[in-house]
Amino acid sequence: MSAHAADIDRVLWLVHALMAALFVGWGAYFVWALVRFRASRQRTADPAGTQGRFSFYVEVGVVVAEAALLVGIALPLWFARTSAQPAAEGAVVIRVVAEQFTWNAHYPGADGQFGPASLPLISPTNPLGLDRRDPLGRDDITIQGQIHVPIHRPVVIQLSSKDVIHSFGIHALRVKQDAIPGLLTPVWFTPTMAGTYDIACSQLCGMGHYRMRGQLIVETEETFRKFLATEAAALK
Ligand SMILES: [Cu+2]
């Protein structure tokens, strides 16, 4: 559903395979220890077997293996994912502001620049406090509960929150990022399949958390342009 989804799935698979191996291995060892050291076979504890260096080497081996997983696989993947923000040209840049209990999408409009927003301007009809008198804000498009994006183009979302910590989760696209008040956090993805996907808040954020849903609508470039044109026309 998104360009990076297969990589995330591969890592999830690896983590599960490793956990399964550990679970089976430790479970087997546990059963073996129960049988081997049962009371009828050996009444009193005998520390002789624990005095060698074997367990020390095993522990060093475990530390080295885990460090290798972290430094060799996890960190490079994380840096590759978080440092590769697509250039603004060619990408669709959208501000998404979370609030209890909905998602606000803010498109920069024809000028490609976001208008300023301020707290005193926030009202039921202007949930983002967008300054419509400012030349940059006049053509901006805001929409609640839905985010429209074109297919096969990188989407960069500047994520923030109006009230508490929320989390922007689109499970079908393997996207998840916390939305934190006072911070602008970028998150990006390239949708590869048209359709409507659930946006689910993935941090417990209050009584209405369960209904904090939104829709991500992935559509053709043409339909996306039509959507922007219709919204722009409605502003006049
Ligand atoms: Cu939430």
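The values are calculated or read from the model by the stated rules, or taken from the named source; none is laboratory data. What you see is a predicted model, and the numbers here were worked out from it, not measured in a lab. Note that each Cβ is placed from the backbone with ideal geometry, even for glycine, and that neighbours are counted across all protein chains shown.
A few notes on this one:
- Per-region count, the range 191-206, residues over 16 Å from residue 169 (Cβ atoms) and part of a strand (DSSP E or B): 1
- For beta carbons closer than 7 Å, sequence separation of 6+ or different chains, a first residue in the range 167-191 that is within 15 Å of residue 151 (Cβ to Cβ) and a second that is away from the ligand (no atom under 12 Å from the Cβ) and assigned to a helix (DSSP H, G or I), the qualifying pairs are 173/5; 189/173; 191/173.
- Selection from the range 192-209 of residues that are exposed (fewer than 14 other Cβ atoms within 10 Å of the Cβ), within 16 Å of the ligand (Cβ to nearest atom) and within 24 Å of residue 151 (Cα to Cα): 198
- Number of positions in the range 210-224 that are more than 16 Å from the ligand (Cβ to nearest atom) and either part of a strand (DSSP E or B) or not β-branched (Val, Ile, Thr) (or both): 6
- Qualifying residue in the range 91-106 (condition: at pLDDT below 90 and more than 16 Å from the ligand (Cβ to nearest atom)): no
- Flag if residue 132 is basic (Lys, Arg) and surrounded by fewer than 19 Cβ atoms within 10 Å (Cβ to Cβ): yes
- Within the range 83-103, at least one residue is part of a helix (DSSP H, G or I) and under 30 Å from residue 215 (Cα atoms).
- Out of 131, 139, one residue alone is farther than 22 Å from residue 201 by Cα, charged (D, E, K, R) and touching a strand residue (DSSP E or B) at 6+ places or on another chain (Cβ under 7 Å). It is 131.
- Some residue of the range 171-181 being within 16 Å of the ligand (Cβ to nearest atom), surrounded by fewer than 17 Cβ atoms within 10 Å (Cβ to Cβ), aliphatic (A, V, I, L, M) and in a loop (DSSP other than H, G, I, E, B): no
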